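K.L.:
Before I ask anything, here is the structure I am working with.
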Amino acid sequence: MKDIQELLQNVEIYEHTVVQHTFSSKKNTVALVTYQEKPRVFKWFVPGLQQNMNREHKILSTASSKINVPQIIEKDDTNHVLIMQYITGENLCDTINSKKYTRTQKNQFIDQLAKWFVTFHQLFKTPTYYLIRGDAGLRNFIVNTQLWGVDFEESRQGNPVEDVAECCASILSTTPMFTTEKYELCKSFIQEYNNQMPGLLTAINTETAYALIKNIPYRQQDEQILRAQAKKIKQNGFE
C-alpha cells in the first residue's frame, strides 16, 4: 500500500490534513485523519481500481439512509479518494471473541448482523439478481450502540448465501475457533436470517465449508482444522 502521507504532501487541498491512524487494507490505503477539523476516513484507491471506488460510492450513497453504513463526505475523482464518516466503536470480530460480553449480548450482536444483511440484500435486490456485500467477515462490522457495515469495494452480483456463509466461517474460525458457542451463534444467525428471508440459504452447509477452505492459503498453519471442520459442516451442518 502507498503511504497516505504521499497523498497529503502532494495534493494541495489535503495539506492541512493530519493522520491519526492507518488501517490494514488488502488493496488500497485507508486512514483515519483529521480533515477540516473533523475525524474522517480517507480511502485512497490505486488508479487501476477506479471501478471499485465508483462501486463503493454508489453503494454507500444509496444505502446510507436505509442501513447503517458510513456516509460519503466527498468523492475526489481526480485523486481517487473517498472521504467518509468515521464510525467509532469496537470491531465485531473482537466483540464476538471477547470474554467481557455475555452469551446473551453476543446473541444480540448476531441478531443485529442477520437483520443488517437482510436489509442490505433486500435493498439491492433487482428482478434478475442480488447484490452481495462480499468480503463479509466480522472485521468489516463495527459495534457501538448499533451495528455498522464498512468496506464495500468487493460487492458484486451473487447469492445472499455467500455472504451468510462467509460470516459463519468468520465466526467459527477466529480465536477461539470452532467452539460450541461459536456453532450456536452461527445457528442463531442463520435462523434469524431465515425468519426474514426464507428459502435463500438452502446451500448454507456447502457454502460455509467452501468459505473455510478458501481461507487455507492465508492460514496454512490452520489447514488441518479448517479442512476437518469444513468436511464436518458439509456433511452434518452446524450440529
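K.L.:
Could you check Lys66 against (1) in a loop (DSSP other than H, G, I, E, B); (2) crowded, with 16+ Cβ neighbours inside 10 Å and say which number it fails?
P.N.:
(2)
K.L.:
If you scan region 204-227, which residues turn out to be of a type in the set (A, V, I, L, M) and under 12 Å from Ser173 (Cα atoms)?
P.N.:
Ala209, Ala211, Leu212, Ile213, Ile216, Ile225, Leu226, listed by residue number.
K.L.:
What residue, of Lys27, Lys58, Lys2, is in contact with a Leu (Cβ under 7 Å, 6 or more places away or on another chain) and either of a type in the set (Lys, Arg) or surrounded by fewer than 16 Cβ atoms within 10 Å (Cβ to Cβ) (or both)? Talk me through it step by step, then tell me what you get.
P.N.:
On the way: Lys58 fails: in contact with a Leu (Cβ under 7 Å, 6 or more places away or on another chain); Lys2 fails: in contact with a Leu (Cβ under 7 Å, 6 or more places away or on another chain).
From the options Lys27, Lys58, Lys2, the qualifying one is Lys27.
K.L.:
In addition: Just to check your reading of the model, which residue among Lys75, Lys58, Lys66 is closer than 15 Å to Gln146 by Cβ, outside the structural domain of Thr179 (by TED's automatic domain parsing) and among the basic types (Lys, Arg)? Outline the logic, then answer.
P.N.:
Details: Lys75 fails: closer than 15 Å to Gln146 by Cβ; Lys58 fails: closer than 15 Å to Gln146 by Cβ.
Sole residue among the options that is closer than 15 Å to Gln146 by Cβ, outside the structural domain of Thr179 (by TED's automatic domain parsing) and among the basic types (Lys, Arg): Lys66.
K.L.:
Related question: Just to be sure before I move on: is Lys187 closer than 21 Å to Asn97 by Cα, of a type in the set (Lys, Arg) and assigned by TED's automatic domain parsing to the domain that holds Glu166 in the structure I sent?
P.N.:
For Lys187, the condition - closer than 21 Å to Asn97 by Cα, of a type in the set (Lys, Arg) and assigned by TED's automatic domain parsing to the domain that holds Glu166 - is met.
Yes or no, residue by residue, for (1) at pLDDT below 95; (2) in a loop (DSSP other than H, G, I, E, B); (3) crowded, with 16+ Cβ neighbours inside 10 Å:
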residue: Ala136; (1), (2), (3): no, yes, yes
residue: Glu153; (1), (2), (3): yes, yes, yes
residue: Glu162; (1), (2), (3): no, no, yes
residue: Ala169; (1), (2), (3): no, no, yes
residue: Leu172; (1), (2), (3): no, no, yes
residue: Thr175; (1), (2), (3): no, yes, no
residue: Phe189; (1), (2), (3): no, no, yes
residue: Glu192; (1), (2), (3): no, no, yes
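Each row is one residue, and each column tells you yes or no for (1) modelled with pLDDT under 95; (2) among the aromatic types (Phe, Trp, Tyr); (3) within 18 Å of the chain's Cα centre (by Cα); (4) assigned to a strand (DSSP E or B).
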site: Gln9; (1), (2), (3), (4): yes, no, no, no
site: Phe42; (1), (2), (3), (4): no, yes, yes, yes
site: Asn52; (1), (2), (3), (4): yes, no, yes, no
site: Arg55; (1), (2), (3), (4): yes, no, yes, no
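The values are calculated or read from the model by the stated rules, or taken from the named source; none is laboratory data. Because the structure is predicted, anything quoted here is derived from the model rather than measured. Quick reminder, even Gly has a Cβ in these numbers, built from the backbone with ideal geometry, and neighbours come from all protein chains shown.
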